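See below for the structure under consideration.
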Amino acid sequence: MIKKERKEPLQLKKLESTLRLLLPHHPKRHTIEEDLKNFRAGYRGERELDYHLSFLPDEPYHIYQGLRLPGCQIDAFVLSTSFAVIIECKNLSGTLTFSHQLTREKANQKQGFSNPILQAQRQRIMLLKWMDSLRLKPLPIHCLVAVSFPSSIIEFENDHKHLVHQVTHAEGIPFKIEEWNGNKTSS
């Protein structure tokens, strides 16, 4: 059951408004266009994740889309009676290699990104601190990375093969959550 629906990010609206006001040859126009392109892609990826999360049964799950807590923003948070899941969403095309960082190879160019698994784990720490400050009983919190671009190839460096349990395409997220809940879905 969706408890908090995702709203279009304010930053996206600000970038769109700024771009409409800029003259075609303004020196910042290209930078703002790139930022807008990235924000739109991220938002589309989050919406794709929301679609796949909609296949989870209403009970025992509560879904919070774009959850903001003191000091952190969680792309998707799923709460059940026995555990919670923090999901960091990445909407990147190409070949994605996970190790100590995320690397994308596309059109024979490599680009590095910060590690989304570590980002989700930081959010987990912040969430546990927040729960402790409210004197809430802690529960197991899993961290996942959803790759929402369906044709992306996901790879893991040799020393990081264990990350396969934390990274999947967005369509696989509900099945992973159901496994943790003990509901093995037949194939």
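The values are calculated or read from the model by the stated rules, or taken from the named source; none is laboratory data. Note that the coordinates shown come from a computational prediction; the quantities given were computed from them, not determined experimentally. All Cβ positions, glycine included, derive from the backbone under ideal geometry; neighbour counts span all protein chains shown. Side chains are part of the model used for accessible areas, which takes the heavy atoms of the whole protein and leaves out ligands, DNA and RNA. Shrake-Rupley method; radii C 1.70, N 1.55, O 1.52, S 1.80 Å.
Only one of (1) open to solvent by 50 Å² or more (accessible area, probe 1.4 Å); (2) under 16 Å from the mean Cα position of the chain (by Cα) is not met by Thr168, so which one is it?
Condition (1) is where Thr168 drops out.
Among the residues of the range 13-45, which ones are under 21 Å from Asn91 (Cα atoms) and aliphatic (A, V, I, L, M)?
Correct list: Leu15, Ile32, Leu36, Ala41.
For (1) under 15 Å from Gln73 (Cα atoms); (2) among the aromatic types (Phe, Trp, Tyr); (3) open to solvent by less than 70 Å² (accessible area, probe 1.4 Å); (4) in contact with a Ser or Thr (Cβ under 9 Å, 6 or more places away or on another chain), each residue gets a yes or a no:
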{"position": "Gln101", "(1), (2), (3), (4)": "no, no, yes, yes"}
{"position": "Gln109", "(1), (2), (3), (4)": "no, no, no, no"}
{"position": "Leu118", "(1), (2), (3), (4)": "yes, no, no, no"}
{"position": "Leu136", "(1), (2), (3), (4)": "no, no, no, no"}
{"position": "Leu139", "(1), (2), (3), (4)": "no, no, yes, yes"}
{"position": "His142", "(1), (2), (3), (4)": "no, no, yes, no"}
{"position": "Pro150", "(1), (2), (3), (4)": "no, no, no, no"}
{"position": "His160", "(1), (2), (3), (4)": "no, no, yes, yes"}
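What do you reckon, is Asn181 polar (S, T, N, Q), within 20 Å of Ile2 (Cβ to Cβ), out of contact with any helix residue (DSSP H, G or I) (no Cβ under 8 Å at 6 or more places or on another chain) and open to solvent by less than 80 Å² (accessible area, probe 1.4 Å)?
Considered against the rule, which asks whether it is polar (S, T, N, Q), within 20 Å of Ile2 (Cβ to Cβ), out of contact with any helix residue (DSSP H, G or I) (no Cβ under 8 Å at 6 or more places or on another chain) and open to solvent by less than 80 Å² (accessible area, probe 1.4 Å), Asn181 comes out as yes.
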